[in-house]
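Chemist: First, the structure itself, so that you have it in front of you.
No value in this document is a laboratory result; all are computed from the given coordinates. These numbers were taken from a predicted model, which means no experiment stands behind them. Don't worry about glycine lacking a Cβ; one is built from the backbone with ideal geometry, like all the others, and counts go over all protein chains shown.
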Amino acid sequence: MVKVLVVDDLPILRESLKFIIEQDPQIEVVGCAENGKEAFELCEKLAPDVVLMDLMMPVCDGVEGTLIIKTRYPFIKVLILTIYGDDENVAQALKNGADGYILKDIEPDKLRRVIKNLADGVAVIQQDVLSTFIQQMDVMESFLVEHKRLIAEFSQKELDIIRLVVEGKNTKEIADCLHFSEGTIRNTISKLLERLQLQDRRQLAVYAMKNKLV
């Protein structure tokens, strides 16, 4: 069971998100908070696996809320809920340790899948805003570099795995799609990250979009 804490300053949105999320019997909304400070306090009491965090809130917004939660509870996953045109705040939230972000118009089924994948350790950046966001996001500058020589050296298996990582699939889903073992998928991704000097799957997804691998 994946335990989720919903954070939004609007009661109607909190209740709507709770209803949508709990349509999946494998996910439980253990609590709701109206700002980042309250979310931080509830993390100790409720021990959620995932915090679904709005950005724009009074008292303590999602950027600050992410920082205090990830500083004290680095093992709790923080998923930012955002809108178009909020790139600066999203970038800062990612710098503060957020594990991914999605748009508020995400389909309910995809939201539930993203939450479960994030709980399994798959960082998420919603693909339909990724290409615009990477051009502006300062936090990505350290690894958004050209590797023209390496691009030509990707095997078809590696390209297939990268494509599925960009789609937000977890290790088991990738293994099922490509008919490889989960160990093979994990090893291939680890080697890709090492070769490209990246830290995690989120950075791999950005790299793939930047260099038009998908």
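Chemist: I'd like the FRET efficiency for R195 and Q156, computed as 1/(1 + (r/R0)^6) with the beta carbon distance as r and R0 of 25 Å, rounded to 0.05.
Modeler: Here the calculated transfer efficiency is 0.95.
Chemist: I need the peptides 204-213, 180-189 ranked by packing, meaning the mean over residues of other C-beta atoms within 10 angstrom, with the highest value on top.
Modeler: Packing order, densest peptide first, comes out as 204-213, 180-189.
Chemist: For the chain, set up a GNM with springs between Cα atoms under 10 Å and report which of L67, L193, L52 has the largest fluctuation.
Modeler: The residue with the greatest mean-square fluctuation here is L193.
Chemist: If I model a spin label as a point 7 Å beyond the Cα along the Cα-Cβ vector, how far apart are those points for S181 and K37 in nm?
Modeler: 5.3
Chemist: Right, next: Give, in whole angstrom and from largest to smallest, the semi-axes √(5λ) of the equivalent ellipsoid of the chain, with λ running over the eigenvalues of the Cα gyration tensor.
Modeler: 30, 19, 14
Chemist: Right, another one. Over all directions, what mean area does the Cα convex hull of segment 1-121 project, stated in square nanometres?
Modeler: Over every viewing direction, the Cα hull of segment 1-121 projects on average to 6.4 nm².
Chemist: Compute the distance in nm between two label points, each set 7 Å from the Cα along the Cα-to-Cβ direction, one at D24 and one at K110.
Modeler: Reported label-point gap for D24 and K110 is 1.4 nm.
Chemist: Which order do D8, D61 fall in if you start with the one that has the fewest other Cβ atoms within 10 Å?
Modeler: Listing D8, D61 from fewest to most nearby Cβ atoms yields D61, D8.
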